[in-house]
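Read the structure below first, then the notes.
The values are calculated or read from the model by the stated rules, or taken from the named source; none is laboratory data. Quick caveat, the model's predicted, so the values are computed rather than measured. Please note: Cβ atoms are built from the backbone with ideal geometry, for glycine as well, and neighbour counts cover all protein chains shown. In case anyone asks, the SASA skips ligands and DNA or RNA and just uses the protein heavy atoms, side chains included. Shrake-Rupley method; radii C 1.70, N 1.55, O 1.52, S 1.80 Å.
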Amino acid sequence: MSTLLIVDDDVAICRTLQLHYSSQSHTVITTHSVNDGLLAAASNDIDLILLDLKMPSKSGLEGLTDFHEVVPEVPIIMITAYHDMESTIKAMKNGADDYIHKPVDINELDQAVERALIRTDEEHTNVPISTDDANQNKNKHFRMAGHSPAMREIYKTIGLVADKPINVLVTGESGTGKELVARAIHESSHISEGPYVAVNCAALIETLLESELFGHEKGAFTGAVKRHHGKFAMAENGTLFLDEVGELSPAIQAKILRVIQEKEYTPVGSSTVFKSNARIIAATNNDLQEKVKLGLFREDLYYRLQVVNIGIPPLRDRKEDLMDLMQTLLCRINREMHKSISHLSVEVISAFHSYHWPGNIRELENVLTKAVALSPAETITLDLIPEYISACPQTEFDSTMPIQTSLDEMEKCHVSRVLNSTGWHKGETCKILGISRPRLRRIIKQHKLIDPSGSDHEDIEFEEDEALVN
Ligand SMILES: Nc1ncnc2c1ncn2[C@@H]1O[C@H](COP(=O)(O)OP(=O)(O)OP(=O)(O)O)[C@@H](O)[C@H]1O
Ligand SMILES: [Mg+2]
């Protein structure tokens, strides 16, 4: 059996995990700070470290680097109450093997522990340590909202692949955030100072796309009045994002395969061979595997492009991300339009939860943009959103809640519905919910539910947290 080192300033968590893993016949050592943990790691034969991200004297994130110096071969699982994209990517880039969120789901942790121990048994390879903070501010520009389990996995994968010279294929329905993921990979990588060049493979006819990608010589074709550098040249030392890669013609597929395999290409009308070191990220909303089966997409190129595949689920399957997305998008739209919309009525939120969002986050962004533009006050009310959304029956609301919906989210939605149905009669609401008045008060405060009787609208206030969206 293995020896686990748990480093967490929360004594109760240490004790619980110690009991749990001791009962599985592991030896468990607990410490409450990074420095004590380092001493324990140096003087014991440790197989795995469970490290809390936030601790008073030295954070686990800083500690990660120290642990890697002291015991480079020991895998580290970060445990944290933070759910955001930046800390997940940073921890994974700094060499964490996995990332578990508090409150700890013991099954999830067990699986992570098992995976890490198996990997140690086989051959443990850590992600290269990078302590480069320079991109953090830039990263924030491409911050992705959403804390659903699927999004957390995506942040982990972004952190894991960012610095590796491997091609990534991002898949997902239209508007799910494929380009945003591509940008996040670029911005989190060591080549973030290099160019990020995007090309839409579906936008141009074959001959133009070829010249757009690889460039052309003067006189290569009618209208080629001067030499043109292609996107591969522009993406030198940086990232080339091939959007809608499923639309590539067979001829261009062959040329891209050559760049990936041989790292070289020839501009149209030229005999000179150029080298390319651009990192390729591709995206598609087609089923590429199906296209391969139908003979429409080269199998060899498919496997070369999708060394790692990041699949983004549609918004309707992760509605627990809606609140976070709405907040992020509202702040973004407010800034762009110089407006200060800070409220959404409960009915709007309810309708948004009921709607199935075929256009995903882009559709949500468009709906919010129109509503912000039209809103005369600080609140987005039901009349400002399209009828096909506002007319969504509220009874669908519960049934469409995905299985991953957090209790917190359920609580907020359900309590606000009951409050509205009783006209905010607290006694009646407590009776229906079967809870005490102090508890109801706590929930109202926690979720910022607002009694509409004092105003014209039933509003839920959003914090304009600039730090979250810069
Ligand atoms: N998780 C997210 N957090 C914040 N904004 C997001 C998120 N996902 C997508 N968006 C926003 O939604 C819009 C659509 O995203 P994006 O262009 O990346 O989608 P896409 O999958 O590439 O779409 P398409 O298939 O149509 O090209 C963008 O404005 C983007 O900023
Ligand atoms: Mg796109």
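Here is how the numbers come out for the structure above:
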quantity	calculated
Unique match (being at pLDDT 85 or above, open to solvent by 30 Å² or more (accessible area, probe 1.4 Å) and within 13 Å of ligand 1 (Cβ to nearest atom)) among Glu210, Glu193, Glu108, Glu173	Glu173
Output for the range 32-46, where each listed residue is assigned to a loop (DSSP other than H, G, I, E, B) and either touching a Phe, Trp or Tyr at 6+ places or on another chain (Cβ under 7 Å) or surrounded by fewer than 21 Cβ atoms within 10 Å (Cβ to Cβ) (or both)	His32, Ser33, Asn44, Asp45
The range 176-190 - residue that is over 13 Å from Phe241 (Cα atoms) and modelled with pLDDT of 95 or more and, of those, surrounded by the most Cβ atoms within 10 Å (Cβ to Cβ)	Thr176
Restricting the range 207-266 to residues that are charged (D, E, K, R) and in a helix (DSSP H, G or I), the residue that is farthest from Glu173 (Cα to Cα)	Glu262
Restricting the range 281-312 to residues that are within 16 Å of ligand 1 (Cβ to nearest atom) and open to solvent by 50 Å² or more (accessible area, probe 1.4 Å), the residue that is farthest from Ala235 (Cα to Cα)	Asp287
Contacts under 7 angstrom Cβ, first residue in the range 242-254 being more than 14 Å from Thr266 (Cα to Cα) and in the same structural domain as Phe214 (by TED's automatic domain parsing), partner within 15 Å of ligand 1 (Cβ to nearest atom) and part of a helix (DSSP H, G or I), 6 or more apart	Asp243/Glu179; Gly246/Leu288
Long-range neighbours under 9 Å by Cβ, at least six apart or interchain, first residue closer than 18 Å to Met144 by Cα and assigned to a helix (DSSP H, G or I) within the range 159-181, second within 14 Å of ligand 2 (Cβ to nearest atom) and aromatic (Phe, Trp, Tyr)	Glu179/Phe241; Leu180/Phe142
The one condition in (1) modelled with pLDDT under 90; (2) touching a Gly at 6+ places or on another chain (Cβ under 9 Å) that Thr239 fails to fulfil	(1)
Among (1) surrounded by 22 or more Cβ atoms within 10 Å (Cβ to Cβ); (2) out of contact with any strand residue (DSSP E or B) (no Cβ under 6 Å at 6 or more places or on another chain), the one test that Ala278 misses	(2)
Within the range 231-245, tally of residues that are surrounded by 23 or more Cβ atoms within 10 Å (Cβ to Cβ) and within 16 Å of ligand 2 (Cβ to nearest atom)	5
Odd one out for Arg258, checked against (1) basic (Lys, Arg); (2) closer than 25 Å to Leu368 by Cα; (3) surrounded by fewer than 22 Cβ atoms within 10 Å (Cβ to Cβ)	(2)
Gly215 being within 9 Å of ligand 1 (Cβ to nearest atom), on the phi > 0 side of the Ramachandran plot and not hydrophobic (A, V, I, L, M, F, W, C)	no
Sole exception among (1) out of contact with any helix residue (DSSP H, G or I) (no Cβ under 6 Å at 6 or more places or on another chain); (2) away from ligand 1 (no atom under 15 Å from the Cβ) for His353, by number	(1)
Qualifying residue in the range 324-338 (condition: more than 16 Å from ligand 1 (Cβ to nearest atom), open to solvent by 10 Å² or more (accessible area, probe 1.4 Å), assigned by TED's automatic domain parsing to the domain that holds Pro149 and outside any helix (DSSP H, G or I))	no
Residues within the range 274-304 that are without any contact (Cβ under 8 Å) to a residue 40 or more places away in the chain and of a type in the set (S, T, N, Q), tallied	1
Test: residue in the range 157-168 that is under 26 Å from Ile77 (Cβ atoms), near ligand 1 (Cβ under 10 Å from one of its atoms) and crowded, with 22+ Cβ neighbours inside 10 Å	no
Enumeration of residues in the range 53-81 that are buried (at least 18 other Cβ atoms within 10 Å of the Cβ) and not in a helix (DSSP H, G or I)	Leu53, Met55, Val71, Val74, Pro75, Ile76, Ile77, Met78, Ile79, Thr80
Residue in the range 10-25 that is open to solvent by less than 50 Å² (accessible area, probe 1.4 Å) and not in a helix (DSSP H, G or I) present	no
